[in-house]
Amino acid sequence: MSGARGQFSSKTGFVMAAAGSAVGLGNIWGFPTQTASNGGAAFVLVYFVLAFLLAYPALMAELIIGRHAKSNVVSALSSVGNSTFTRRLGAGVGYYGIIIASLILSFYTIVAGWMIAHLGQPFTVLLDMPEAGTWLTTNSTTRDLIFGGGFACITMLIIGSGIENGIEKWSTRLMPVLIGLLLLLICYVLTQPGAMEGLKIYLLPDMSRVSDPKLIVDAMGQAFFSLSLGVGTMLVYGSYLSKEESLPRLGAIVTLVDCGIAFTAGLLIIPAVYVAQHNGLTIFDEAGELIAGPSLIFQVLPSLFDSMGAAGTYVAIAFFALMSIAAVTSSISMLEVPVSMVVEKTGIERKKSTYLIGFVIFLISATIIVNFDALFGFVIDLTTKYSEPLLGVMLCIFAGWVLHRDKLLAEVKSGHPDIEHSLFWKIWPTYVRFVCPVLILVTFTQSLAG
Ligand code: TRP
């Protein structure tokens, strides 16, 4: 079976796919809005420190286990085990990861559907169809089912085509478009009046906030979500990586790209909010906090685009295209987690497995859409706040304690022969055994207490 496994065709292919997974709505929406609600630049600073100190080592744990085992998350974690107990525990953690990946995909699909609906709206302006435009931008169960369903189909089409022809091909095509659109939008927004005020808030840290526990907890959650950690996404992508590549180096590149794009997205969103204020829009809520939730993306920014006249229609298209692309390259990485397991464990053909699982996950999305108030926030908290950090700890434990140290070294050595004498090998093994689990657990209990 392992001979038939797909593989990324090149280093660039892997970086595009893994960065495509990491760079998503979490970067373009989550990061700037968390920055806004945590007082600006201080959050940015703490975020970068945690991304490299905590998230990068955890990412390495996933990539190493994945490439070592060359299999889906359930088989990988159980094969790493050296006793019946650790093998069973591994399989259990793997299944838990699969459930959480699927649940993340179920709410992500809904949000991505909103992005596509809003991408349609400026076209209704060009076609002079105002009723259709209103329908697209007004919340309704029908709209969410149609656009969520459409997005789920795109995700399934890509994953059904496999690693090289699906994931790699589309990530490699879409990531440069995403970066291009992002830079184009920044150039435009920064020339608008009011932008400089936002830039100041974003770039000049208020050092007194750096030790705020809520800020630290938020930054850790954001770093884990942004690097797609905990649920086996990166483990599975690592399993498609050739033994010739250096894992520590590729992991570092992916972390850098992810942080870089989050930072760049902040250069767009925060100044844009202040441009909106300059144009007479309200950007603070009753509590005096900068608007951060869905109303930022779906009200403040669209009314900013409206106030830009004819150019605004095209800026809106670029912005929602950016959001939709970011969402696709991430959602495919979530669907790959359950699909790879079903294909490898049952032998059901890839396309069939993809449509089967994709359909089940869409049924979960539909259930959330129909019971939106009760379920949407609940599923987000259950997956991102409670499950991802715990799974992250388990993956660090499997890499640090369960996987034999010789095998660990052999794996990182492959593609990076002189690793034994590097700073990475001096620090990382101890780090992933003690520092990561303890720091994650401390931050996690803080977040429960908060
Ligand atoms: N990292 C993506 C983002 O920033 C989302 C994502 C993709 C993800 N795969 C994941 C999050 C796995 C958690 C787990 O939007």
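The values are calculated or read from the model by the stated rules, or taken from the named source; none is laboratory data. Since this is a predicted model, take the numbers as computed values, not measurements. In this analysis, Cβ positions are derived from the backbone assuming ideal geometry, glycine residues included, and neighbour counts consider all displayed protein chains. Side chains are part of the model used for accessible areas, which takes the heavy atoms of the whole protein and leaves out ligands, DNA and RNA. Shrake-Rupley method; radii C 1.70, N 1.55, O 1.52, S 1.80 Å.
Conditions: (1) assigned to a helix (DSSP H, G or I); (2) open to solvent by 50 Å² or more (accessible area, probe 1.4 Å). Residue 282 meets all but one. Number of the miss?
(1)
Is it the case that residue 81 is within 12 Å of the ligand (Cβ to nearest atom), at pLDDT below 95 and surrounded by fewer than 22 Cβ atoms within 10 Å (Cβ to Cβ)?
No: the conditions fail for residue 81.
Could you list, in sequence order, the residues of segment 17-52 that are open to solvent by 50 Å² or more (accessible area, probe 1.4 Å) and of a type in the set (A, V, I, L, M)?
45, 49 - these are the residues of segment 17-52 that are open to solvent by 50 Å² or more (accessible area, probe 1.4 Å) and of a type in the set (A, V, I, L, M).
Open to solvent by 20 Å² or more (accessible area, probe 1.4 Å), in contact with a helix residue (DSSP H, G or I) (Cβ under 9 Å, 6 or more places away or on another chain) and either touching a residue at least 12 places away in the same chain (Cβ under 8 Å) or over 30 Å from residue 274 (Cα atoms) (or both): which single residue out of 102, 171, 106, 161 fits that description?
Testing whether each residue is open to solvent by 20 Å² or more (accessible area, probe 1.4 Å), in contact with a helix residue (DSSP H, G or I) (Cβ under 9 Å, 6 or more places away or on another chain) and either touching a residue at least 12 places away in the same chain (Cβ under 8 Å) or over 30 Å from residue 274 (Cα atoms) (or both) leaves just 161.
State whether one or more residues within segment 54-64 are touching an Asp or Glu at 6+ places or on another chain (Cβ under 6 Å) and farther than 22 Å from residue 322 by Cα.
Yes - at least one qualifying residue is present in segment 54-64.
Name the residue, out of 409, 390, that is in a helix (DSSP H, G or I), within 26 Å of residue 242 (Cβ to Cβ) and open to solvent by 10 Å² or more (accessible area, probe 1.4 Å).
Answer to the check: 409.
Quick check, is residue 337 open to solvent by less than 50 Å² (accessible area, probe 1.4 Å), within 16 Å of the ligand (Cβ to nearest atom) and not hydroxyl-bearing (Ser, Thr, Tyr)?
yes
Quick test for you: out of 149, 133, pick the one residue that is surrounded by fewer than 22 Cβ atoms within 10 Å (Cβ to Cβ), under 24 Å from the mean Cα position of the chain (by Cα) and small (Gly, Ala, Ser).
Just one listed residue meets the conditions, 149.
Report yes if residue 317 is farther than 21 Å from residue 271 by Cα and either within 26 Å of the chain's Cα centre (by Cα) or surrounded by fewer than 17 Cβ atoms within 10 Å (Cβ to Cβ) (or both), otherwise no.
no
Determine, yes or no, whether residue 315 is within 18 Å of residue 176 (Cβ to Cβ) and in a helix (DSSP H, G or I).
no
Might you let me know whether segment 270-278 holds any residue that is small (Gly, Ala, Ser), touching a residue at least 40 places away in the same chain (Cβ under 8 Å) and surrounded by fewer than 18 Cβ atoms within 10 Å (Cβ to Cβ)?
There is no residue in segment 270-278 that is small (Gly, Ala, Ser), touching a residue at least 40 places away in the same chain (Cβ under 8 Å) and surrounded by fewer than 18 Cβ atoms within 10 Å (Cβ to Cβ).
Pick from segment 232-245 the residues that are of a type outside the set (Lys, Arg) and open to solvent by 10 Å² or more (accessible area, probe 1.4 Å): which of them is farthest from the ligand (Cβ to nearest atom)?
Per the criteria, the residue is 244.
I need the full set of residues from segment 383-419 which are away from the ligand (no atom under 16 Å from the Cβ) and among the aliphatic types (A, V, I, L, M), in order please.
397, 399, 402, 403, 408, 409, 410, 412, 419
Residues being within 14 Å of residue 397 (Cβ to Cβ) and β-branched (Val, Ile, Thr): count how many of those fall in segment 63-80.
3
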